[in-house]
1. If we count every other residue with Cβ under 14 angstrom of Gly266's Cβ, Lys/Arg +1 and Asp/Glu -1, where does the sum land?
2. Within the chain, which complete DSSP H helices have Cα atoms spanning at least 20 Å along the helix axis and a mean Kyte-Doolittle hydropathy of 0.5 or higher?
3. With a 1.4 Å probe and all protein chains left in place, how much of the accessible area of the chain comes from carbon and sulfur atoms, in whole percent?
4. Heavy-atom accessible area of Arg29 with all protein chains present, probe 1.4 Å, nearest 10 Å²?
5. Tell me what the chain gives for mean residue ellipticity at 222 nm when only DSSP H runs of n ≥ 4 count, each as -39,500 (n - 2.57), the sum divided by the residue total, rounded to 500 deg cm²/dmol.
6. Compute, for Ile105, the solvent-accessible surface of its heavy atoms (probe 1.4 Å) with the complete set of protein chains present, and express it in square angstrom to the nearest 10.
7. Ignoring everything but the protein chains, give the 1.4 Å probe accessible area of Thr183 in square angstrom, nearest 10.
8. In sequence order, what are the phi-derived ³J(HN,Hα) couplings for segment 287-292 according to the Karplus relation 6.51 cos²θ - 1.76 cosθ + 1.60 with θ = phi - 60°, rounded to whole Hz, with x for glycine and proline?
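The values are calculated or read from the model by the stated rules, or taken from the named source; none is laboratory data. Just so we're clear, the structure is a prediction, and the values are computed from it rather than from any experiment. Glycine also receives a Cβ, built like all others from the backbone with ideal geometry; neighbour counts cover every protein chain displayed. The accessibility values were calculated without ligands, DNA or RNA, using every heavy atom of the protein model including side chains. Shrake-Rupley method; radii C 1.70, N 1.55, O 1.52, S 1.80 Å.
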Amino acid sequence: MRRITLDEFIIANQNLTKNASGEFSGLLRHLGIASKIINRVVNKAGLLDILGVDGSVNSTGDDVQKLDTYANDLMIEYLKNSGICAGVASEENETFIDFTSNSKIRSSYVVVFDPLDGSSNIDVNISVGTIFGIYKRLSHEDRPLSQNDFCQRGNELVAAGYVLHGTSTMLVFTTGDSVNGFTYDRGIGEFCLSHPNMKIPPKGKYYSINQGYSNTFSPNINAYLNACASKNTALRYIGSMVADVHRTLYMGGVFLYPGTHSHPEGKLRILYECNPLSMIIEQAGGISINEKKQRILDLDVNQLHQKSSIIIGSKEDVEEVISFL
Ligand code: P6P
(Lines give C-alpha, C1' and ligand atoms only; values in the text may rest on other atoms or scores of the structure.)
Protein backbone atom coordinates (compact mmCIF):
# COMPACT_ATOMS: atom_id res chain seq x y z
CA MET A 1 0.00 0.00 0.00
CA ARG A 2 1.30 3.49 -0.88
CA ARG A 3 2.45 5.47 2.14
CA ILE A 4 0.97 8.92 2.57
CA THR A 5 3.33 11.87 2.19
CA LEU A 6 3.98 14.61 4.74
CA ASP A 7 1.90 17.07 2.70
CA GLU A 8 -1.06 14.67 2.52
CA PHE A 9 -0.77 14.02 6.27
CA ILE A 10 -0.68 17.74 7.10
CA ILE A 11 -3.67 18.49 4.87
CA ALA A 12 -5.63 15.50 6.20
CA ASN A 13 -4.95 16.55 9.81
CA GLN A 14 -5.24 20.30 9.26
CA ASN A 15 -8.84 20.11 10.35
CA LEU A 16 -8.01 18.09 13.44
CA THR A 17 -5.37 20.19 15.14
CA LYS A 18 -6.24 23.26 17.18
CA ASN A 19 -3.91 25.28 14.94
CA ALA A 20 -6.03 24.58 11.93
CA SER A 21 -4.84 27.65 10.03
CA GLY A 22 -3.41 27.02 6.56
CA GLU A 23 -0.57 29.30 7.66
CA PHE A 24 0.48 26.78 10.31
CA SER A 25 0.30 23.86 7.86
CA GLY A 26 2.31 25.87 5.35
CA LEU A 27 4.97 26.45 8.00
CA LEU A 28 5.33 22.70 8.58
CA ARG A 29 5.58 22.11 4.85
CA HIS A 30 8.36 24.71 4.48
CA LEU A 31 10.29 23.12 7.33
CA GLY A 32 10.02 19.85 5.37
CA ILE A 33 11.40 21.49 2.22
CA ALA A 34 14.35 23.07 4.06
CA SER A 35 15.08 19.68 5.64
CA LYS A 36 15.22 17.96 2.26
CA ILE A 37 17.78 20.48 1.01
CA ILE A 38 19.87 20.19 4.20
CA ASN A 39 19.67 16.41 3.82
CA ARG A 40 21.01 16.59 0.27
CA VAL A 41 24.11 18.47 1.45
CA VAL A 42 24.59 16.47 4.68
CA ASN A 43 24.62 13.28 2.60
CA LYS A 44 27.48 14.41 0.38
CA ALA A 45 29.29 16.74 2.76
CA GLY A 46 32.62 14.97 2.19
CA LEU A 47 32.47 15.79 -1.51
CA LEU A 48 31.67 19.47 -1.09
CA ASP A 49 34.52 20.79 1.06
CA ILE A 50 31.81 21.65 3.57
CA LEU A 51 33.19 19.61 6.46
CA GLY A 52 35.12 20.95 9.39
CA VAL A 53 34.88 24.18 11.31
CA ASP A 54 34.40 27.56 9.69
CA GLY A 55 36.60 29.24 12.29
CA SER A 56 33.80 31.04 14.15
CA VAL A 57 32.28 30.32 17.57
CA ASN A 58 28.52 30.51 18.22
CA SER A 59 26.60 32.31 20.95
CA THR A 60 27.09 29.42 23.35
CA GLY A 61 30.80 28.95 22.71
CA ASP A 62 30.61 25.95 20.35
CA ASP A 63 32.93 25.80 17.32
CA VAL A 64 30.69 26.43 14.33
CA GLN A 65 30.96 23.68 11.70
CA LYS A 66 30.68 24.76 8.06
CA LEU A 67 27.57 22.64 7.72
CA ASP A 68 26.03 24.37 10.77
CA THR A 69 26.36 27.66 8.93
CA TYR A 70 24.93 26.22 5.75
CA ALA A 71 21.96 24.63 7.53
CA ASN A 72 21.36 27.80 9.55
CA ASP A 73 21.40 30.07 6.50
CA LEU A 74 19.06 27.70 4.68
CA MET A 75 16.53 27.46 7.52
CA ILE A 76 16.47 31.26 7.84
CA GLU A 77 16.07 31.74 4.07
CA TYR A 78 13.28 29.18 3.67
CA LEU A 79 11.35 30.33 6.70
CA LYS A 80 11.69 33.99 5.69
CA ASN A 81 10.71 33.35 2.06
CA SER A 82 7.76 31.25 3.18
CA GLY A 83 6.04 34.52 4.01
CA ILE A 84 4.30 32.69 6.87
CA CYS A 85 6.90 32.96 9.63
CA ALA A 86 7.24 36.20 11.58
CA GLY A 87 10.74 35.46 12.81
CA VAL A 88 13.22 32.90 14.11
CA ALA A 89 15.64 32.27 16.98
CA SER A 90 18.53 29.94 16.21
CA GLU A 91 21.34 28.37 18.21
CA GLU A 92 23.72 29.99 15.72
CA ASN A 93 22.47 33.55 16.19
CA GLU A 94 23.03 35.69 19.30
CA THR A 95 19.66 37.39 18.91
CA PHE A 96 16.35 36.59 17.21
CA ILE A 97 15.67 37.62 13.60
CA ASP A 98 12.50 39.64 12.92
CA PHE A 99 11.18 39.02 9.39
CA THR A 100 8.33 41.50 9.80
CA SER A 101 10.47 44.63 10.13
CA ASN A 102 11.02 45.13 6.41
CA SER A 103 8.29 43.18 4.71
CA LYS A 104 4.55 42.61 4.57
CA ILE A 105 4.84 39.41 6.64
CA ARG A 106 2.02 39.31 9.18
CA SER A 107 2.42 35.70 10.37
CA SER A 108 1.12 34.61 13.75
CA TYR A 109 4.02 32.16 14.27
CA VAL A 110 7.70 32.20 15.23
CA VAL A 111 10.15 29.30 14.95
CA VAL A 112 13.04 28.35 17.24
CA PHE A 113 15.62 25.85 16.00
CA ASP A 114 18.99 24.22 16.32
CA PRO A 115 19.90 23.93 12.63
CA LEU A 116 22.26 21.00 13.01
CA ASP A 117 22.43 19.48 16.47
CA GLY A 118 25.39 17.19 17.10
CA SER A 119 27.33 18.89 14.32
CA SER A 120 30.68 18.01 15.91
CA ASN A 121 29.89 14.49 14.64
CA ILE A 122 29.51 15.54 11.00
CA ASP A 123 33.13 14.87 10.00
CA VAL A 124 32.92 11.29 11.29
CA ASN A 125 29.62 10.50 9.59
CA ILE A 126 27.60 10.15 12.79
CA SER A 127 23.92 11.17 12.92
CA VAL A 128 23.07 14.85 13.21
CA GLY A 129 19.73 16.60 13.13
CA THR A 130 17.65 19.76 13.04
CA ILE A 131 15.44 20.42 16.08
CA PHE A 132 12.56 22.93 15.82
CA GLY A 133 9.71 24.38 17.82
CA ILE A 134 6.81 26.58 16.69
CA TYR A 135 5.14 29.19 18.92
CA LYS A 136 2.28 31.60 18.39
CA ARG A 137 3.76 35.10 18.61
CA LEU A 138 2.63 37.09 21.67
CA SER A 139 3.15 40.57 20.22
CA HIS A 140 0.44 42.12 18.01
CA GLU A 141 0.90 41.43 14.28
CA ASP A 142 1.26 45.17 13.65
CA ARG A 143 4.16 45.42 16.10
CA PRO A 144 7.80 44.32 15.71
CA LEU A 145 8.74 41.02 17.37
CA SER A 146 10.27 41.08 20.82
CA GLN A 147 12.31 38.53 22.77
CA ASN A 148 9.12 37.62 24.66
CA ASP A 149 7.74 36.11 21.45
CA PHE A 150 10.50 33.51 21.66
CA CYS A 151 11.19 33.11 25.39
CA GLN A 152 8.00 31.18 26.02
CA ARG A 153 7.60 28.08 28.17
CA GLY A 154 7.72 24.76 26.39
CA ASN A 155 4.09 24.08 27.27
CA GLU A 156 3.19 27.00 24.95
CA LEU A 157 4.65 25.22 21.91
CA VAL A 158 2.08 24.60 19.17
CA ALA A 159 4.38 22.13 17.43
CA ALA A 160 7.80 20.55 17.89
CA GLY A 161 9.91 18.17 15.90
CA TYR A 162 13.24 17.12 14.54
CA VAL A 163 14.82 15.82 11.36
CA LEU A 164 17.41 13.11 12.00
CA HIS A 165 20.00 12.57 9.28
CA GLY A 166 21.08 9.01 10.07
CA THR A 167 21.13 5.71 8.17
CA SER A 168 17.82 6.99 6.89
CA THR A 169 16.43 10.51 7.21
CA MET A 170 13.40 10.88 9.45
CA LEU A 171 11.15 13.80 10.29
CA VAL A 172 9.39 13.30 13.64
CA PHE A 173 6.93 15.91 14.90
CA THR A 174 3.91 16.55 17.08
CA THR A 175 1.25 19.24 17.04
CA GLY A 176 0.14 18.31 20.54
CA ASP A 177 -2.06 15.28 19.90
CA SER A 178 0.33 12.49 18.78
CA VAL A 179 3.87 11.92 17.54
CA ASN A 180 4.31 10.83 13.92
CA GLY A 181 7.49 9.78 12.09
CA PHE A 182 8.12 10.24 8.37
CA THR A 183 10.98 8.61 6.46
CA TYR A 184 12.49 10.45 3.49
CA ASP A 185 12.05 8.57 0.20
CA ARG A 186 14.69 10.02 -2.13
CA GLY A 187 13.08 8.18 -5.03
CA ILE A 188 10.10 10.54 -4.92
CA GLY A 189 11.65 13.36 -2.87
CA GLU A 190 9.00 13.12 -0.17
CA PHE A 191 8.82 12.38 3.55
CA CYS A 192 6.42 9.42 3.87
CA LEU A 193 4.54 8.35 6.99
CA SER A 194 6.48 5.36 8.36
CA HIS A 195 5.93 5.54 12.14
CA PRO A 196 2.35 6.65 12.91
CA ASN A 197 1.40 7.53 16.50
CA MET A 198 4.81 6.79 18.07
CA LYS A 199 4.78 5.78 21.75
CA ILE A 200 7.87 5.46 23.97
CA PRO A 201 8.13 2.07 25.75
CA PRO A 202 7.46 2.41 29.51
CA LYS A 203 10.96 1.07 30.16
CA GLY A 204 14.06 0.53 28.01
CA LYS A 205 17.36 -1.25 28.29
CA TYR A 206 19.73 1.69 27.74
CA TYR A 207 20.76 4.70 29.75
CA SER A 208 22.51 7.51 27.88
CA ILE A 209 24.96 9.96 29.47
CA ASN A 210 28.51 11.23 28.94
CA GLN A 211 29.92 9.14 31.77
CA GLY A 212 33.31 10.79 31.18
CA TYR A 213 32.12 13.66 33.36
CA SER A 214 31.14 11.41 36.30
CA ASN A 215 33.72 13.07 38.58
CA THR A 216 31.79 16.33 38.18
CA PHE A 217 28.22 14.97 38.49
CA SER A 218 26.30 15.30 41.77
CA PRO A 219 26.55 12.40 44.27
CA ASN A 220 22.88 11.57 43.49
CA ILE A 221 23.56 11.16 39.79
CA ASN A 222 26.64 9.07 40.57
CA ALA A 223 24.55 6.89 42.90
CA TYR A 224 22.18 6.28 39.97
CA LEU A 225 25.15 5.48 37.67
CA ASN A 226 26.50 3.02 40.25
CA ALA A 227 23.09 1.35 40.37
CA CYS A 228 23.14 1.04 36.56
CA ALA A 229 26.62 -0.52 36.74
CA SER A 230 25.50 -2.98 39.43
CA LYS A 231 22.69 -4.14 37.12
CA ASN A 232 24.96 -4.22 34.03
CA THR A 233 22.59 -1.77 32.34
CA ALA A 234 23.81 -1.01 28.83
CA LEU A 235 25.09 2.51 28.06
CA ARG A 236 24.58 4.13 24.67
CA TYR A 237 25.81 7.69 24.03
CA ILE A 238 26.20 9.18 20.54
CA GLY A 239 27.06 12.76 21.51
CA SER A 240 24.20 14.04 19.37
CA MET A 241 21.16 14.78 21.52
CA VAL A 242 18.69 14.43 18.66
CA ALA A 243 20.04 10.93 17.88
CA ASP A 244 20.22 9.84 21.52
CA VAL A 245 16.66 11.06 22.18
CA HIS A 246 15.35 9.46 18.97
CA ARG A 247 16.78 6.08 20.05
CA THR A 248 15.25 6.63 23.49
CA LEU A 249 11.85 7.42 21.91
CA TYR A 250 11.99 4.32 19.70
CA MET A 251 13.55 1.77 22.10
CA GLY A 252 12.86 3.26 25.51
CA GLY A 253 15.44 4.19 28.13
CA VAL A 254 16.66 7.50 29.55
CA PHE A 255 18.97 10.29 28.33
CA LEU A 256 20.64 12.45 30.97
CA TYR A 257 22.71 15.61 30.72
CA PRO A 258 23.11 16.69 34.36
CA GLY A 259 24.94 19.73 35.69
CA THR A 260 28.75 19.53 35.55
CA HIS A 261 31.59 21.81 36.78
CA SER A 262 31.77 23.50 33.35
CA HIS A 263 27.98 23.64 32.96
CA PRO A 264 26.47 23.73 36.50
CA GLU A 265 22.98 24.38 35.09
CA GLY A 266 23.51 21.77 32.35
CA LYS A 267 24.80 22.29 28.79
CA LEU A 268 21.70 21.83 26.66
CA ARG A 269 19.62 24.82 25.59
CA ILE A 270 16.01 24.96 26.77
CA LEU A 271 14.49 26.82 23.83
CA TYR A 272 15.65 24.77 20.84
CA GLU A 273 16.93 21.50 22.32
CA CYS A 274 15.21 20.59 25.61
CA ASN A 275 11.70 21.99 25.02
CA PRO A 276 10.97 20.61 21.52
CA LEU A 277 12.34 17.15 22.40
CA SER A 278 10.48 17.20 25.73
CA MET A 279 7.19 17.94 23.95
CA ILE A 280 7.82 14.99 21.64
CA ILE A 281 8.70 12.59 24.48
CA GLU A 282 5.75 13.69 26.65
CA GLN A 283 3.34 13.34 23.74
CA ALA A 284 4.74 9.82 23.22
CA GLY A 285 4.05 8.95 26.89
CA GLY A 286 7.44 9.72 28.47
CA ILE A 287 8.74 12.19 31.08
CA SER A 288 11.21 15.09 30.83
CA ILE A 289 12.53 16.92 33.90
CA ASN A 290 15.61 18.76 35.08
CA GLU A 291 17.91 17.71 37.93
CA LYS A 292 15.65 19.62 40.37
CA LYS A 293 12.77 17.35 39.29
CA GLN A 294 11.00 20.29 37.58
CA ARG A 295 9.09 19.53 34.36
CA ILE A 296 11.16 20.95 31.49
CA LEU A 297 8.07 22.26 29.67
CA ASP A 298 7.12 24.32 32.73
CA LEU A 299 10.48 26.11 33.06
CA ASP A 300 10.49 29.88 32.64
CA VAL A 301 12.70 30.88 29.71
CA ASN A 302 14.35 34.27 30.24
CA GLN A 303 17.23 34.10 27.76
CA LEU A 304 17.28 32.73 24.19
CA HIS A 305 20.26 30.48 24.95
CA GLN A 306 19.33 29.58 28.52
CA LYS A 307 20.54 26.10 29.52
CA SER A 308 19.15 23.36 31.69
CA SER A 309 20.02 19.93 32.98
CA ILE A 310 17.74 17.29 31.50
CA ILE A 311 16.60 13.77 32.32
CA ILE A 312 14.28 12.58 29.53
CA GLY A 313 12.83 9.24 28.48
CA SER A 314 10.66 6.31 29.49
CA LYS A 315 8.33 6.81 32.45
CA GLU A 316 9.78 3.98 34.57
CA ASP A 317 13.40 4.83 33.72
CA VAL A 318 13.02 8.53 34.57
CA GLU A 319 11.15 7.60 37.77
CA GLU A 320 14.12 5.40 38.71
CA VAL A 321 16.47 8.37 38.27
CA ILE A 322 14.07 10.54 40.33
CA SER A 323 14.33 8.01 43.17
CA PHE A 324 18.05 8.94 43.42
CA LEU A 325 17.53 12.71 43.25
P1 P6P B 1 29.17 16.45 25.33
C2 P6P B 1 26.08 18.55 20.64
O3 P6P B 1 27.11 19.50 20.64
C4 P6P B 1 25.26 18.73 21.90
O5 P6P B 1 24.73 20.03 21.94
C6 P6P B 1 24.15 17.69 21.96
O7 P6P B 1 23.66 17.35 20.71
C8 P6P B 1 24.83 16.53 22.64
O9 P6P B 1 23.94 15.69 23.36
C10 P6P B 1 25.80 17.22 23.60
O11 P6P B 1 26.07 18.50 23.04
C12 P6P B 1 27.08 16.44 23.76
O13 P6P B 1 27.82 17.12 24.76
O14 P6P B 1 29.57 17.35 26.46
O15 P6P B 1 28.80 15.05 25.81
O16 P6P B 1 30.14 16.41 24.17
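1. Details: positive: Lys267, Arg269, Lys292, Lys293, Lys307; negative: Glu265, Glu273, Glu291.
Cβ neighbours under 14 Å give a net charge of +2.
2. Values: long enough: 22-42 (30 Å, 0.57); 66-81 (23 Å, -0.56).
Qualifying helices, which must be both long enough and hydrophobic enough, are 22-42.
3. On the way: 6730 of 13520 Å².
Answer for the chain: carbon and sulfur cover 50 percent of the accessible area.
4. Around 70 Å² of this residue is reachable by solvent.
5. Working: 7 runs with 85 residues, N = 325.
About -8000 deg cm²/dmol.
6. Accessible surface of Ile105 is approximately 20 Å².
7. The accessible area comes out at roughly 40 Å².
8. Each residue's phi maps through the Karplus curve to give 10, 9, 9, 9, 5, 8 Hz.
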